[in-house]
Amino acid sequence: MRKKLKKPTFGLVYSVARHLASVLMHTLYRVKVVNSDLIRKIQTPYIIISNHRSAMDPVALSCCVKDRCICFMAKKELMSTRFTKWLLGKKLHAISVDRHSNDIDALRSAIKAIKEGHVVGIFPEGTRHKKGLMDDMESGVAILALRCQVPLVPVYIYPKLRLFRRTRLVAAPPVETSDLTKKPLSKTVCDELLMRVTRVYEKLYAENVK
């Protein structure tokens, strides 16, 4: 049974940062969240994923979740100083990931966040891509979703975030995983889930890119 937090417990820094992010995204970046009701209906914990084309994508994605903390998986290079480690890791609840190895500590931290009832934010491609489609995904997101048996919620960002240009964040229903969670965790099962994610983004691309 998934644990539901009674009240948001982000801390002051996270709450202020998210409010400022919302103002920034809706004024200077003109972000519009489409199908936000799909996300509001999902009980935490869950994993929210997105394509990745801009360094501002995590800020934009935070606009999709109003009442819960998103613990983003972030490359360890972003926490290379004492200040950024304190701000991103401790106050904004980001999870440091070594992109060049199988980071078991990062996986454990993500599992802990999910068990505490939070939302984990992941960009499955691992880095920014110019293409609008989700491709070349890392297996970590599949392992996490299947192991924790939580919803995997896709959001499609299009076009690339730029100042004073409308950007749409289109939410889709959770990717179906109920049949896969009944099977032993394996590379084949993870690949099947990643293929389902790819199909979702192909559909989102076809529906939103004119």
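In nm, give the distance between the simple-model label positions of residue 116 and residue 32, each being 7 Å from the Cα along the Cα-to-Cβ direction.
It is 3.6 nm.
Counting Lys +1, Arg +1, Asp -1, Glu -1, what net charge surrounds residue 12 among other residues with beta carbon under 13 Å of its beta carbon?
Numbers: positive: 18, 90, 91; negative: none.
Spelling it out: positives minus negatives among the neighbours equals +3.
Amide H of residue 74 versus every other amide H placed in the peptide plane: which residues, excluding those fewer than 5 positions away on the same chain, fall under 5 Å?
Distant-sequence amide H within range of residue 74: 95, 96, 97.
Per residue, how much accessible area does the chain show when a 1.4 Å probe rolls over the protein heavy atoms, in square angstrom?
Values: 11690 Å² over 210 residues.
Solvent-accessible surface per residue comes out at 56 Å².
Which percent of the accessible area of the range 26-70 is formed by carbon and sulfur heavy atoms (probe 1.4 angstrom)?
After summing per-atom areas, the C and S share lands at 51 percent.
Taking the convex hull of the alpha carbon atoms in the chain, what volume per residue do you get, in Å³?
120 Å³
Roughly what percent of Cα-Cα pairs across the range 43-136 reach past 19 Å? Write out the running numbers ahead of the final one.
On the way: 1770 of 4371 pairs.
Roughly 40 percent, once rounded to a whole number.
Given the DSSP H assignment, sum -39500 (n - 2.57) over each helix run of at least 4 residues in the chain and divide by its residue total; what's the result at 222 nm in deg cm²/dmol, nearest 500?
-10000 deg cm²/dmol
The values are calculated or read from the model by the stated rules, or taken from the named source; none is laboratory data. Note that the structure is predicted; figures quoted are calculated from it, not measured. All Cβ positions, even for glycine, are placed from backbone atoms using ideal geometry, and neighbour counts span all protein chains on display. With ligands, DNA and RNA removed, areas are computed over all heavy atoms of the protein, side chains included. Shrake-Rupley method; radii C 1.70, N 1.55, O 1.52, S 1.80 Å.
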